[in-house]
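The values are calculated or read from the model by the stated rules, or taken from the named source; none is laboratory data. These numbers were taken from a predicted model, which means no experiment stands behind them. Positions of Cβ are generated from backbone atoms using ideal geometry, with glycine treated the same way; all protein chains shown enter the neighbour counts. Protein only, heavy atoms only, side chains kept; ligands, DNA and RNA dropped before computing areas. Shrake-Rupley method; radii C 1.70, N 1.55, O 1.52, S 1.80 Å.
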Amino acid sequence: MVSATWEEVCARRVVRSALVPRVPAERLVQVVHDLGGVHAQVQASAELQLASRIDGLTQGDAQEALWERRSLVKAWTLRGTLHLHPADELAVWHAARRAVVGTPAELPAWRDPAGVLHPEVGRDEVEAIRRAVWEALDGRCLLREELADEVVRRVGGRHEQRLRSGFAFFHGELCQGPPRGAKVTFVRPDQWIYGWHDVDADRALAEVCRRYLRTYGPARPSDFREWFSGRSFKPPQAQALFDALGGLEEVDVEGHRAFVLARDTAFPSREPSLRLLPEYDVYVMGFRERDRLVPEVVRDQIAAHGRGRYEGPAGVRLLLIDGIAAGLWERKKRGKRLELKVSPVRRLTRAQRKELNAEVARIGDFAGLEPSLVLE
């Protein structure tokens, strides 16, 4: 059995997550592939995650890849949340999700945020709504309310309010089109993405698991289950998936046993690094042993933070030093300036302060704003 230290695991994940070294802009799509997608519920966070890893990237580059070249796509995949993926891989992610959660055959009664109870949606009704969504989006890019109008026109108004509250039960089949101002649009992936083709669900899930192990391993079935789908992915199902992959190698990390892909047992030495990670950064989302990522003193910072109190380490912006959380940071736009306030839990060395200044300058360049640093 291979043995490794947590320091070596962090060093491996930092490299595999493309945080060290940074890569050139022409590798944008490859980086998104290697990361297993980029969390994009907050678009600014998704763009900053890419900027942390890719030299010379601008906001315009990311948006051009999404809406003009269509080399990236934005869709609901991991944990049912929005992620960026290489466009030609979305079929794999949609299929992998179907392998775990299936497609809704019927929907129970549902109480909306205002407390109004909406009736259940029967099997035939679900299928009729699905067909109506697909027909309404044929060759079109529609706002949520426009799509609801089209579906109601086709199937009637019995579930109109539920449709206007969202299409969450069909998100696993759609992707986003270009935004109209601040509003999102929906498109059919088979028409939006060049060369779309269906993928076997079980094979897709196995492929996604292998990618997770490559970037975020060593990992256990429970780690992959939480990263991929959370509670809807049952523990026996995750264990069976690991068993079916075959050829995995077990690694002992200071008494913690987990798995990597066969013959993928290299653990690099730590390379000094400092990064300012935005909220929901994939490095944090993939690093399931949070007690090893976030020291107690930083956990106290997070617990006192507005978002951190409810969302934990994933919901805050972390100062990362050598792959370990070392404080928090915030950003605020003030006219043409961008103020970055950084709160490390320990005094920075001269080399770390120099790297922090460079990191602040990078974020300013990416945003096209003049940055200023407030160090607390």
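Things worth noting here:
- Positive dipole terminus of the chain, leading residue within L142, Q30, A358 (C-beta point charges): A358
- Residue among P86, P221, P236 with the largest mean-square fluctuation in a Gaussian network model of the chain, springs linking Cα atoms under 10 Å: P236
- Three-way shape call for region 311-376 based on the alpha-carbon gyration tensor, with the a/c threshold at 1.5: oblate
- Accessible area of region 1-108 divided out per residue, in Å², using a probe of 1.4 angstrom: 34 Å²
- Inter-centroid distance (Cα atoms) of region 263-314 relative to region 1-39, Å: 14 Å
- For R97, net neighbour charge (Lys/Arg +1, Asp/Glu -1) across residues whose Cβ lies under 11 Å away: +1
- Neighbourhood charge, 13 Å Cβ-Cβ cut-off, centred on K234 and excluding it, Lys, Arg +1 and Asp, Glu -1: +1
- Residue (of P218, H83, V20) at the positive-pole extreme of the chain, dipole from beta-carbon charges: V20
- Nonlocal amide H pairs with Q41, under 5 Å, H built at 1.01 Å: L82
- Shown here for region 25-124: GluC sites (Glu not before Pro) in loop regions (DSSP other than H, G, I, E, B) with at most 14 other Cβ atoms within 10 Å, namely E68, E106, E120.
- Value at 222 nm in deg cm²/dmol, rounded to 500, when DSSP H runs of n ≥ 4 in the chain each add -39,500 (n - 2.57): -12500 deg cm²/dmol
- Summed side-chain charge close to C141 - residues other than C141 whose Cβ falls under 15 Å, Lys, Arg +1, Asp, Glu -1: -1
- Theoretical gain in end-to-end length, E135 to V116 [0.36 nm per residue, Cα-Cα removed]: 3.9 nm
- Note on exposure: Y212, Y280, Y194 ranked by accessible area (1.4 Å probe, complete protein assembly) read Y194, Y280, Y212, with the most exposed listed first.
- Descending Cα extents along the principal axes, the chain, whole Å: 66, 55, 42
- Cα-centred dipole magnitude for region 1-131, charges only on beta-carbon of K, R (+1) and D, E (-1), debye, nearest 20: 220 debye
- Kirkwood Rh, Cα atoms: Rg over Rh of region 219-376: 1.04
- P(r) weight above 14 Å for region 259-317, C-alpha pairs, percent: 65 percent
- Per-residue extension of 0.36 nm, minus the Cα-Cα distance of A361 and D55, leaves a gain of 108.9 nm for this segment.
- Within the chain: Cβ-based charge dipole about Cα centre, in debye rounded to nearest 20 (Lys, Arg +1; Asp, Glu -1): 1000 debye
- Each Cα pair under 8 Å and six or more residues apart adds its separation to the average, and for region 219-376 the resulting relative contact order is 17 percent.
- For G177, residues with placed amide H under 5 Å, excluding near neighbours: T185, F186, V187
- With a Förster radius of 30 Å applied to the C-beta separation of K341 and V184, the computed FRET efficiency comes to 0.50.
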